[in-house]
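Structure first, commentary second.
The values are calculated or read from the model by the stated rules, or taken from the named source; none is laboratory data. Bear in mind that the values here come from a model prediction, so they are computed numbers and not experimental data. Here the Cβ positions follow ideal geometry from the backbone for every residue, glycine too, while neighbour counts run over all protein chains shown.
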Amino acid sequence: MNVLLINGSPHKEGATYTALTEISSQLEKEGIGTTMFHIGTKPISGCIACMKCADTGYCVLNDEKVNECIDLLKQADGLIVGSPVYFAGPNATLCALLDRVFYLKANPYAFKPAAAIASCRRGGNSAAFDRLNKYFTFAQMPVVSSHYWNSIHGNNAEEAKQDTEGLQIMRILGKNMAWLLKCIDNSKEKFPHPEIEPRTKMNYIR
Ligand SMILES: Cc1cc2nc3c(=O)[nH]c(=O)nc-3n(C[C@H](O)[C@H](O)[C@H](O)COP(=O)(O)O)c2cc1C
């Protein structure tokens, strides 16, 4: 089993990475493999709503990060998305990536457990956390929780390491994710996933 961890910060090894590492260490302790995916510092365009991905399952735009992430998520058994807080929301570059990873392509991700985490200097973690959870609940991904809203405080890795409460939240999240993955894996023959219904689209024009 393998969990994909998306580091949605331009800092490869900053506060967000510190929180994600606490989760991945716990997952590894529980015998679950992990893959860290860094969104990097190059621009990632927003979705251009061309709808071409409905036919191909991939994005037509020519920046390799999005399609690489789609393939990694298809292969993964679980997902953790981490973001720094920018103006009380997730990093816009991360949202650009996730919009394109999820839009019209969510079916293959259904039933994979997922969780979001946010890191900030002082405020906005809760709003960023709420926004990121929208991707999972759109995609029929069971949301894994910890014992608080998944957040860590610090302006950089060193400060985040001092937030012992934040680190504990991450460790518990890792444990809970490992537990759920094992439950799903052990019961998949007895309880196969529900069938995915085609989406009924009702545009509110009436
Ligand atoms: C554009 C920008 C906006 C930010 N907005 C907030 C904010 O609203 N609240 C906050 O507490 N920190 C804010 N910060 C600080 C980052 O959230 C904080 O440094 C974060 O933990 C860095 O994580 P990283 O090391 O993984 O990049 C902002 C930083 C930047 C660059």
Quiz item: From the set of residues in region 68-91 that are hydrophobic (A, V, I, L, M, F, W, C) and more than 9 Å from the ligand (Cβ to nearest atom), which is surrounded by the fewest Cβ atoms within 10 Å (Cβ to Cβ)?
Solution: LEU72
Self-check item: Candidates ALA160, ALA110, ALA118, ALA114 - the one that is in contact with a helix residue (DSSP H, G or I) (Cβ under 7 Å, 6 or more places away or on another chain), under 25 Å from ILE184 (Cα atoms) and not aromatic (Phe, Trp, Tyr)
Solution: ALA114
Quiz prompt | So VAL3, is it in contact with a helix residue (DSSP H, G or I) (Cβ under 9 Å, 6 or more places away or on another chain), closer than 21 Å to LYS161 by Cα and not in a loop (DSSP other than H, G, I, E, B) | solution = no
Self-check item: Cβ-Cβ under 6 Å pairs, at least 6 apart or on other chains, region 1-13 side more than 19 Å from GLY174 (Cβ to Cβ), far side part of a loop (DSSP other than H, G, I, E, B) and within 13 Å of the ligand (Cβ to nearest atom)
Solution: PRO10/THR41
Exercise. Out of ASN203, ASN133, report the one residue that is surrounded by fewer than 16 Cβ atoms within 10 Å (Cβ to Cβ) and more than 17 Å from THR21 (Cα to Cα).
Key: ASN203
Quiz item: From the residues in region 18-32 that are among the polar types (S, T, N, Q) and more than 14 Å from the ligand (Cβ to nearest atom), which one is nearest to ALA115 (Cα to Cα)?
Solution: SER24
Exercise. Scan region 43-58 for residues that are part of a loop (DSSP other than H, G, I, E, B) and either more than 16 Å from the ligand (Cβ to nearest atom) or more than 24 Å from VAL85 (Cα to Cα) (or both) and jot them down.
Key: SER45, GLY46, CYS47, ILE48, ALA49, CYS50, MET51, LYS52, GLY57, TYR58
Quiz item: With respect to ASN125, is the statement that it is modelled with pLDDT of 95 or more, within 10 Å of the ligand (Cβ to nearest atom), farther than 19 Å from SER25 by Cβ and crowded, with 16+ Cβ neighbours inside 10 Å true?
Solution: yes
